[in-house]
1. Express the relative contact order of the range 11-60 as a whole percentage, based on alpha carbon pairs under 8 Å and six or more residues apart in sequence.
2. Note down, for the range 76-116, the three equivalent ellipsoid semi-axes (square root of 5 times each alpha carbon gyration tensor eigenvalue), biggest first, whole angstrom.
3. Using 1/(1 + (r/R0)^6) with R0 = 41 angstrom and r between the beta carbons of residue 36 and residue 99, what's the FRET efficiency to the nearest 0.05?
4. Using the alpha carbon gyration tensor of the chain, what are the three equivalent-ellipsoid semi-axes (square root of 5 times each eigenvalue), largest first, in whole Å?
5. On full extension of the chain, what length is gained from residue 3 through residue 82, given 0.36 nm per residue of separation minus the C-alpha to C-alpha distance?
6. For every helix of n ≥ 4 consecutive DSSP H residues, a contribution of -39,500 (n - 2.57) applies; sum these over the chain, divide by its total residues, and give [θ] at 222 nm rounded to the nearest 500 deg cm²/dmol.
7. What is the extension gain from residue 64 to residue 13, computed as 0.36 nm multiplied by their sequence separation minus the C-alpha to C-alpha distance, in nm to one decimal?
8. Evaluate E = 1/(1 + (r/R0)^6) for residue 107 and residue 27, where r is the Cβ-Cβ distance and R0 equals 25 Å; express this FRET efficiency to the nearest 0.05.
């Protein structure tokens, strides 16, 4: 499956209204709105600003994370074949191929979620 979302590098920016956003060369991909600032809630406001910044960073990294996960899944497929062979030779590593299978299954669920 291929990623059909916005192509190109995603980067963190501020919009004209000083909201955080994620964009590529010309398109806004996501806007993270500034929290409301109440006079008696400065600490809460600062915490929400920090959360917004973290959300912006993870969104901007999404294409790279997906690509890394897809490559890891492919590498695990290759590793799985080798491990199955080694398990036949060395009973001490029995079950390692099941561990790799579970890892691949988790990866595939997330990849599928990102691509559908």
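1. Numbers: 59 pairs, mean separation 17.2, N = 50.
So the answer I get is 34 percent.
2. Working: eigenvalues 136, 16, 3 Å².
Computed over the range 76-116, the values are 26, 9, 4 Å.
3. Numbers: r = 47 Å, r/R0 = 1.14.
According to the calculation, E is roughly 0.30.
4. Numbers: eigenvalues 348, 69, 17 Å².
For the chain, the semi-axes come out at 42, 19, 9 Å.
5. 25.5 nm
6. Working: 3 runs with 67 residues, N = 116.
After summing the helix terms and dividing by the residues of the chain, the value is -20000 deg cm²/dmol.
7. Working: separation 51, 0.36 × 51 = 18.36 nm, distance 1.75 nm.
Gain on extension, residue 64 to residue 13, equals 16.6 nm.
8. Values: r = 28 Å, r/R0 = 1.12.
The computed FRET efficiency comes out at 0.35.
Every number here is computed from the coordinates shown, using simple stated rules; none is lab data. What you see is a predicted model; the values in this text were computed from it and never measured. Positions of Cβ are backbone-derived with ideal geometry, glycine not excepted, and every protein chain shown enters the neighbour counts.
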